[in-house]
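The values are calculated or read from the model by the stated rules, or taken from the named source; none is laboratory data. Since the model is a prediction, treat every value here as computed from it, not as a measurement. A quick note on method: Cβ atoms are made from the backbone with ideal geometry, for glycine too, and the neighbour counts reach across all protein chains shown. Heavy atoms of the whole protein, side chains included, go into the accessibility calculation; ligands, DNA and RNA do not. Shrake-Rupley method; radii C 1.70, N 1.55, O 1.52, S 1.80 Å.
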Amino acid sequence: MTETDNINEEIRNYKLFKIQRMNAKEQQFSEFQKDLIHIRQNEIFNYLIASLNVIAVLFLVYNSIKSYSDHGYYEKTIELIWGNFITVILLSIFLTYKFILYNLKLKKHIKTVDGAVSYFAGESNILKSIYENYVENYLEESKKKR
């Protein structure tokens, strides 16, 4: 192979490598976008569950105060109070699960974005250095021609 063929082969391999890296970044951001869309779709449901949990907690507090002040109230509404208590516990567990799940996804996506920022900053620096080398070589060639 001639030197020109070697250079062309290196350029071709480099371009293929760059395409593979860009495809990997595109896939990471596609996953990121899917997760964000999924979170956004569940947003209304999560607000509804959180609102129900607040209402259930307030109702439990009301029933506790009412049963403390009126001794006959507890015997009349024991099923309601225990059902409310179990509802508060279940909704709290569900909200805690969602909170932990969203935090884990957030940490994953922060790493993805950090990787993308460093990747694109590195690519920018590489392109700047290539351009600077090109300009320097061009200026040297133009000086030699004079």
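Computed on the chain, with alpha-carbon pairs under 8 angstrom and 6+ residues apart, the relative contact order is 25 percent.
Check the straight Cα-Cα distances from residue 25 and name the lysines below 26 Å, setting aside those fewer than 8 residues away within the same chain. Candidates past the 8-residue exclusion: 15, 34, 105, 107, 108, 111, 128. Against the chain, whose longest principal axis is taken from its Cα atoms, helix 43-69 shows a tilt of about 30°.
Length, then width, then depth: along the principal axes, the Cα atoms of the stretch 23-98 run 69, 15, 13 Å.
Taken along the Cα-to-beta-carbon direction at a fixed 7 Å, the label points for residue 80 and residue 118 span 5.9 nm. Between the residues 99, 61, 127, the greatest Cα displacement towards the positive end of the dipole of the chain, with unit charges on the Cβ of Lys, Arg, Asp and Glu, is found for 127. First compute the accessible area of the chain with a 1.4 Å probe, then give the percent of it belonging to carbon and sulfur atoms. Summing carbon and sulfur atoms, their accessible area is 65 percent of the total for the chain. Helix 78-145 axis versus longest C-alpha principal axis of the chain: approximately 10°, rounded to the nearest ten. To the nearest 10 degrees, how steep is helix 3-41 against the longest Cα principal axis of the chain, on a 0 to 90 scale? So the inclination is approximately 10 degrees.
The alpha carbon convex hull volume per residue for the chain rounds to 139 Å³.
Under the convention that each Lys and Arg Cβ holds +1 and each Asp and Glu Cβ holds -1, the size of the dipole of the stretch 1-100 around its Cα centre is about 200 debye.
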